[in-house]
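Peer 1: My structure is below; once you've seen it, I'll send some questions.
The values are calculated or read from the model by the stated rules, or taken from the named source; none is laboratory data. In this text the structure is predicted, and so the values were computed from the model without any measurement. Using ideal geometry, Cβ is built from the backbone for each residue, glycine included, and neighbour counts are taken over all protein chains shown.
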Amino acid sequence: MRTLAFQMPDRGGGPTGPRMRVGRPSRRARTLLMTLGVLAVLGMAFTMFAGFWTDWLWYRSVNYSSVFTTTLWTKIGLFFVFGLLMALAVGFNIWLAHRLRPPLSAMSMEQQNLDRYRMSIAPYKKWLLLGIVSLVGLIAGASASSQWRTWLMWVNGVSFGQKDPQFHLDISFYTFDLPWYRFLLGFGFAAAILSVIAAALTHYLYGGLRVTSPGARATAAATGHLSVLLGIFVALKAVAYWLDRYGLAVKSSDFKATDSWTGLRYVDANAYLPAKTILFCIAVICALLFFATLWRRTWQLPVIGFGLMVLSAILIGGLYPAIVQKFQVQPNEQAKEAPYVEKNLKATREAYGIDDASVKEYDGKATTTDQTKLRDDVDATASIRVVDPNVVSPTFQQLQQMRNYYAFPTNLDVDRYSKDGKDQDTVIGLRELNLAGIPKNNWINDHFRYTHGYGVVAAKGTEADAEGRPVFTESNLPSQGDLGTYQQRVYYGEKTTEYSIVGGPQKEIDYSDDSGEKTYSYKAKSGVNLSNPVNRAAYAVAFSEPQILYSGAIGEGSRILYNRTPKQRVEAVAPWLTIDGDAYPAVVNGKIQWIVDAYTTTNGYPYSSRTTLGDTTADSLTATNNQRAVVAQQNQVNYIRNSVKATVDAYTGQVKLYQWDTKDPVLKTWMKAFPGTVEPRKDISTDLMAHLRYPQDLFKVQRELLARYHVEDADTFLSGSEVWQVPDDPTNKSGDAVPPYYLSMKMPDQSAQAFSLTTTFTPNGRDNLSAFMSVDAEAGTTDYGKIRILKLPTNTTVNGPKQVQSQFNSEQDIAETISLLNRGDSNVEYGNLLTVPLDGGLLYVEPVYVRGGGLKYPLLRKVLVTYGGNTAFEDTLDEALDKVFAADGSTTRPPDDGGDTTKPPPTSTNPTVQQALDDAQKAFDAGQEALKKGDWEAYGRAQEDLKDALRRAEDAQATADKGSSSAKPSASPSPRSSPSGSPSSSPSSSPSG
């Protein structure tokens, strides 16, 4: 043993040898773990710093740093104030319960068991207390910081200058004050409940409360402490009952007249309102009974009082209103509810800006039989747009894309531009950057070389060329045309969703022409400078892209551009606004400016019915187009104003907010909260004013409300007999609402055309037309925003959009032509079905596009027109209008004999006529053969030969039968009855383009 003991140290053994060898790696492991922990903490800290720092840099780069600082300091203030209050409330009650603990005495078994817990936490009780109060403080502070909007609206709220009809308080009380009071009340409830729980647990742990032990269940100190806390809770409940009285004015409920009813009804005013007042009084008495236990030291009275309060809440707050509703309201609901419905009607119409809507009766039938006058009146009434911006984007793409790395939005926009002193409805789109079309995607190409789009492409909205293509007024690359000289580079756009790093050593691809690629280096001061290594490190972390930190493509002058869509930029600089789903571009003062409509909203307008923005603004276009989303949020509102017009420079990214609604108290409140962020309306330039328009999303909200709220009589509203609906879009199978359309037109009470936004209504559950609605969309005019509704008679039937579309599809000659155009790889696409009031009647116009025959884009081939039962299906709008109004003297109706209209006319004994008809038959046969082969060019030539032969036959027959009134109709079938079974077509309108 000695030898072994002696030799073990020689082999590194001994009693301490192995422990020393084990201990060294253990210390290294601890050191490594500590290092990793420190690095992890530093990493998380830098990640948080990177997010904060990059946000600050971005706001500073767009000159809206005040928005960042105001929001940040408000959140921090609320976090610390309410977090500290919650921590103090809970901590104080824990400390007080500990201070009021009873002295130790002979302990029961229950207390002996608890003593072990007291002994285990005794060394750590200060740290435990600190941990508990810190946790509840952090949670409460985080919750409070999310209420920064509520706080800012309360502290900066301005008066509406209007009072609610029930309590006669200014509306600002409900929109700005009541939400803050409710937050304070909720915070008070949370503090009281947490304090009761914390105090009760502490009292139990230290013997102030007993559960299983014999004797008194609570000490006098514990009884007094808990009774005060419960008294505070009940007192807060009393305050809640009092606020609930005012909450009835903004309470939503189901009602037979509407599922979004807001405000008091008969049962609210005569049952719930007095019940809330009575319950308030009972709660106050109950709270005083709890406070009285400080002296009485018994729970008997407060428990009885609390029980009575609960019973009263059930009987008075629940059962009594149900009895009133059952036995007073339901037997005579119309009379009982009428006064409250009138309040709801008035408030809803005011809150949504539809109180000035003009509703006039409209017969829906032509007041004149003079066809020539009607034809002339069409041009004076409307500039009918046959180029549908929601269909022709692929045509723009095919004809004006130029390079694969450019793209146009799925839906183009409608604007108006002046030429030679005349406004022209214009379809416009930007040639934006398309990263998916870059020849080779890599980090340098995606973020350094391909950085921007280039140029505007615009076309007349009212005509197409001979081949069915848009008539471009601005085209090519670089763009040239009617828009003059402007900065064409598009660094900010709807499709620009990735960041770019510009202005440094790496040159950008500007555009390409016949001489090759042109390079460019960004000149503006937009974006954030990356010359600073701290900035580079922060963005490397924020964007999870380490190459930003060390890439040689970044150097002196490099700037990073992000948040590049117009919607993103406006939302960031004005987080208190709701943004319209459709930003649109315009060339203004030599710059491409994105124009963004923004709204101020609230859901606290008394008596105004609520609507869900996301649902209300959806239609057949938004359902199929993810890029141009609906008015973003699915939030419920009952007040909306288009209070701000915003612009985003497509080159510099500069954001400007202009006050549009100078009377809106909600906007005034936010302008007080964020001074200097919104520029006055007078700063809007004349050039910019010419391109501002009435926003689509607001129009959709208003038309949805006007479907019910066009009536001003309570009895009619309650009966539901005048309820309308927005019809489904008949031009596609989406089943979604027809979108509103922009076009220049004049309503019956207008003296000249105005740029307008239009829609139609049908009766609830039916397809005939019930009303036509338009709003003057031309900003800067006295009638801007004027809503006009033409109400159709209920005792007659006027075709609605779906019926008109069915009429188009059911006419044999039209259906056969559509079938021919749909053959092979060709597809027919219907454009917007426009409705225009004309001399007492309604004119419907629908462009028809054909995509196919080797082409990847739609071309305008036909135009459908109907008025007063007459229908035409022609190559151009003018031809169709001429046919409908018989301007050329030909009939517009199908042959009466019901014969086969796809065959050539009967033969004649006149040899000249017979020869012409033989030529027509040959042309018809040649056209049919060309259709089978898919040779559209040959088909076009055959159609031209057919048209010429028919013209010769007509002239010859007219000469032979001079003086016969029937000669012309019998010898000259309308183009809708041509031998091809389709309207007469020239080579210029053949589907081949």
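Peer 1: Looking at Tyr599, Tyr605, which is the one that is under 14 Å from Arg641 (Cβ atoms), touching a residue at least 60 places away in the same chain (Cβ under 8 Å) and part of a loop (DSSP other than H, G, I, E, B)?
Peer 2: Residue meeting the stated conditions: Tyr605.
Peer 1: With (1) of a type in the set (S, T, N, Q); (2) part of a strand (DSSP E or B); (3) closer than 25 Å to Lys862 by Cβ as the list, and Thr395 as the residue in question, which single condition is left unmet?
Peer 2: (2)
Peer 1: For Val845, indicate whether it is within 17 Å of Thr759 (Cα to Cα) and aliphatic (A, V, I, L, M).
Peer 2: When the stated conditions are applied, Val845 passes them.
Peer 1: Just to verify a result, which residue in the range 784-805, among those that are loosely packed, with under 14 Cβ neighbours inside 10 Å and free of Cβ contacts under 8 Å to residues at least 40 places away in the same chain, is nearest to Leu688 (Cα to Cα)?
Peer 2: Looking at the filtered set, the residue picked out is Thr794.
Peer 1: Check whether at least one residue in the range 242-257 is in contact with a strand residue (DSSP E or B) (Cβ under 8 Å, 6 or more places away or on another chain) and in a helix (DSSP H, G or I), and report yes or no.
Peer 2: The answer is yes, given that some residue of the range 242-257 is in contact with a strand residue (DSSP E or B) (Cβ under 8 Å, 6 or more places away or on another chain) and in a helix (DSSP H, G or I).
Peer 1: What's the number of the only condition in (1) surrounded by 20 or more Cβ atoms within 10 Å (Cβ to Cβ); (2) farther than 23 Å from Ala351 by Cα; (3) within 22 Å of the chain's Cα centre (by Cα) that Asp736 fails to meet?
Peer 2: Single failed check for Asp736: (1).
Peer 1: Of the numbered conditions (1) more than 22 Å from the chain's Cα centre (by Cα); (2) surrounded by 23 or more Cβ atoms within 10 Å (Cβ to Cβ); (3) over 25 Å from Tyr454 (Cβ atoms), Ile592 satisfies every one except a single condition; which is it?
Peer 2: (3)
Peer 1: In the range 148-175, what residues are surrounded by 18 or more Cβ atoms within 10 Å (Cβ to Cβ) and in contact with a Leu (Cβ under 8 Å, 6 or more places away or on another chain)?
Peer 2: Correct list: Trp148, Trp151, Gln166.
Residue-by-condition table, conditions (1) buried (at least 16 other Cβ atoms within 10 Å of the Cβ); (2) in contact (Cβ under 8 Å) with a residue 24 or more places away in the chain; (3) of a type in the set (D, E, K, R); (4) within 15 Å of Pro585 (Cβ to Cβ):
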position	(1), (2), (3), (4)
Arg431	yes, yes, yes, yes
Pro439	no, yes, no, no
Phe472	yes, yes, no, no
Tyr492	yes, yes, no, yes
Ser500	yes, yes, no, no
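Peer 1: Taking the range 443-472, which residues are under 16 Å from Leu860 (Cβ atoms) and either of a type in the set (S, T, N, Q) or within 30 Å of the chain's Cα centre (by Cα) (or both)?
Peer 2: Listed by number, the residues that qualify are Ala459, Lys460, Gly461, Thr462, Pro470.
Peer 1: Can you tell which of Leu289, Leu243 is assigned by TED's automatic domain parsing to the domain that holds Ala338 and within 37 Å of the chain's Cα centre (by Cα)?
Peer 2: Leu243
Peer 1: Mind telling me which of the residues Gly552, Gly557 ends up being exposed (fewer than 14 other Cβ atoms within 10 Å of the Cβ) and part of a loop (DSSP other than H, G, I, E, B)?
Peer 2: Gly552
Peer 1: Filter the range 507-525 down to the residues that are within 38 Å of the chain's Cα centre (by Cα) and within 21 Å of Asn434 (Cα to Cα) and list them by number.
Peer 2: Lys507, Glu508, Ile509, Asp510, Tyr511, Ser512, Thr519, Tyr520, Ser521, Tyr522, listed by residue number.
Peer 1: Still on this structure, I have one more. If you take the residues of the range 763-783 that are touching a helix residue (DSSP H, G or I) at 6+ places or on another chain (Cβ under 7 Å) and not polar (S, T, N, Q), which of them is surrounded by the fewest Cβ atoms within 10 Å (Cβ to Cβ)?
Peer 2: Across the range 763-783, the extreme among qualifying residues is Gly780.
Peer 1: Considering only helices (runs of 4 or more DSSP H) fully contained in the range 299-359, which possess at least 3 residues that are out of contact with any helix residue (DSSP H, G or I) (no Cβ under 8 Å at 6 or more places or on another chain)?
Peer 2: Those helices (runs of 4 or more DSSP H) span 300-314, 333-351.
Peer 1: Among the helices (runs of 4 or more DSSP H) lying completely within the range 1-111, list those that include at least 1 residues that are modelled with pLDDT of 80 or more.
Peer 2: In the range 1-111, the matching helices (runs of 4 or more DSSP H) lie at 17-61, 65-99.
Peer 1: hydroxyl-bearing (Ser, Thr, Tyr), exposed (fewer than 15 other Cβ atoms within 10 Å of the Cβ), closer than 19 Å to Thr74 by Cβ and in the same structural domain as Gly83 (by TED's automatic domain parsing): is that true of Ser134 in this structure?
Peer 2: No; evaluated as a whole, the condition is false for this residue.
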